[in-house]
Each structure stands twice: as structure tokens, then as C-alpha cells.
Amino acid sequence: MGTERRCVIIGGGDCSAEILKKNILADDFIICADSGFDIATNSGFVPDLLIGDFDSIKAIPENVNKITLPVEKDVTDTVAAFNEGVSLGFNRFVLFGGTGGRFEHTFANVSLMANASKSGMYFEIIDDKHIFRSITNSKICIKRKNNQQVSVFAFGDRAFGVTLKGFHYPLWDYTLDPFNGALGTSNDIVEDYGEISVSNGTLIIIETGM
């Protein structure tokens, strides 16, 4: 299995058919986490795998590969879907339906994304208004778009050597504290691309379309 092929996870949070059709590629491997199956099929997508305890899905299908999880467990259905993707050899993930609804699930998904970046994987969370990304000891370039703002936060601990190039408010070799989140909120890219880098630490990057 090529490592560049993506594993798409569809959860039961906020997710429109439009955003799925715009972002899912023909060769993506699709895993639905519980009621994410309803979102996928209502948008015209058939998953390669369905996983969950099935406490929120409308009806459990018979003609789809599935893994049934116990209701009482130590991970969410989304985390179980991610773990299954890792076991299948994927290291590039995109999560839809991972935000909205219950905030604790959104926060857990952001934590999952950060942990994936610490393990050298690429993980995005996409909804109708945001793209969430995470980097650890690395850099990323984001293309400038209309009505776009980008926020950068340290996650878990202080992030050292944070540099923002091509932004209205640049930073140079800065130590970003996770308890001073206001500093990195709502920046604008003023060049064709904005470059964000961190030499030691983990960043959460939220691209918002206003």
C-alpha cells in the first residue's frame, strides 16, 4: 500500500455533502465511525470500512465491511477508526465530521491530530468553515485565500523556535506558550503563501474561512 494514499475518516459531527464531494479523492480509503456512515451514504459515498459501537447509527448495514466495538471502551469510535487506519499502513489522514456537536469530542479529535503529528503522520480535520492541522518539529506552507484567517497555538507544552513568514503579524524564533493562546489568534497571510515552522514542539494550526 502506497503511503501517499489517504485514509479518510467520517465521523458523526458537522459535515455537509458539499464539503465531502469537494475534498474526497477517488482513491481515498474511507472509514466511517458509527453515524458517520449515515453522513457518507447520504452524500453518495460508500465506505470501505464501518467501525463503532453503533449506538448512534440509524441502521446497521449488512453489505459493508464492519468492526463492532463494545459500548464501554477506552477510546472513541473516531480514535478506533484512526487506529485501524494505522494498522492498515496509512500515515495520511483526513477527518470529516470531527467537529461540532459535543465539544469534548471535538477536543479529543484535536488531541488525536496532535498525537498523530508527534508520530510523524499527517492529519487534517476539515469542516465547512475550518481546516485544522498540526505540526511537530517541522514546517508547513498555507496558500493565501480570500476571507481567510489563520490561528496558531502551542499544544501540550511550550513550542520553541516558532516562526511565521508571509503573515501580517510575523514571528521569528519565538517561544509560544500554550497558556497564551490569544497571541496566535486570527492572523492574515499577506503573501502568496504563509509559512509556519517550529523547531521544538507541537502546533495546532486553524485555518478559518470567514
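The values are calculated or read from the model by the stated rules, or taken from the named source; none is laboratory data. Everything numeric in this text was worked out from a predicted model, so none of it was measured. Neighbour counts run over all protein chains shown; Cβ positions are idealised from the backbone, glycine included. For accessibility, only protein heavy atoms count, side chains too; no ligands or nucleic acids. Shrake-Rupley method; radii C 1.70, N 1.55, O 1.52, S 1.80 Å.
Scanning the range 8-52 for residues that are over 16 Å from the mean Cα position of the chain (by Cα), within 25 Å of GLY89 (Cβ to Cβ) and among the charged types (D, E, K, R) gives ASP27, ASP34, ASP48.
Working carefully through the options THR175, THR136, find the one that is farther than 23 Å from ARG5 by Cα, of a type outside the set (Asp, Glu) and at pLDDT 95 or above. Reasoning before the result, please.
Working: THR136 fails: farther than 23 Å from ARG5 by Cα.
Of THR175, THR136, the one residue that is farther than 23 Å from ARG5 by Cα, of a type outside the set (Asp, Glu) and at pLDDT 95 or above is THR175.
Pick from the range 166-210 the residues that are of a type in the set (Phe, Trp, Tyr) and free of Cβ contacts under 8 Å to residues at least 40 places away in the same chain: which of them is most open to solvent (accessible area, probe 1.4 Å)? The extreme case among them is PHE179.
How many of the residues in the range 87-104 are assigned to a helix (DSSP H, G or I) and either buried (at least 21 other Cβ atoms within 10 Å of the Cβ) or among the hydroxyl-bearing types (Ser, Thr, Tyr) (or both)? Can you show your working first?
Of the residues in the range 87-104, the ones assigned to a helix (DSSP H, G or I) are 87, 103-104.
Those left that are additionally either buried (at least 21 other Cβ atoms within 10 Å of the Cβ) or among the hydroxyl-bearing types (Ser, Thr, Tyr) (or both): 87.
Summing the residues that are assigned to a helix (DSSP H, G or I) and either buried (at least 21 other Cβ atoms within 10 Å of the Cβ) or among the hydroxyl-bearing types (Ser, Thr, Tyr) (or both) in the range 87-104 gives 1.
Of all residues in the range 155-189, those satisfying the criterion of being under 18 Å from LYS118 (Cα atoms) and aromatic (Phe, Trp, Tyr) are PHE155, PHE160. Once the range 18-60 is narrowed to residues that are open to solvent by 40 Å² or more (accessible area, probe 1.4 Å) and of a type in the set (Gly, Ala, Ser), the residue that is nearest to SER87 (Cα to Cα) is ALA26. Search the range 105-158 for residues being assigned to a helix (DSSP H, G or I), out of contact with any Leu (no Cβ under 8 Å at 6 or more places or on another chain) and touching a residue at least 60 places away in the same chain (Cβ under 8 Å), and hand back the single one that is nearest to ASP177 (Cα to Cα). So, considering only residues that are assigned to a helix (DSSP H, G or I), out of contact with any Leu (no Cβ under 8 Å at 6 or more places or on another chain) and touching a residue at least 60 places away in the same chain (Cβ under 8 Å), the one nearest to ASP177 (Cα to Cα) is ALA114.
Quick check: anything in the range 120-142 under 30 Å from GLU18 (Cα atoms), open to solvent by 50 Å² or more (accessible area, probe 1.4 Å) and of a type in the set (Asp, Glu)? Looking for residues that are under 30 Å from GLU18 (Cα atoms), open to solvent by 50 Å² or more (accessible area, probe 1.4 Å) and of a type in the set (Asp, Glu), one finds at least one in the range 120-142, hence yes.
For the range 143-157, name all the residues that are open to solvent by less than 70 Å² (accessible area, probe 1.4 Å) and in contact with a Ser or Thr (Cβ under 6 Å, 6 or more places away or on another chain). Answer for the range 143-157, where residues must be open to solvent by less than 70 Å² (accessible area, probe 1.4 Å) and in contact with a Ser or Thr (Cβ under 6 Å, 6 or more places away or on another chain): GLN149, SER151, PHE155.
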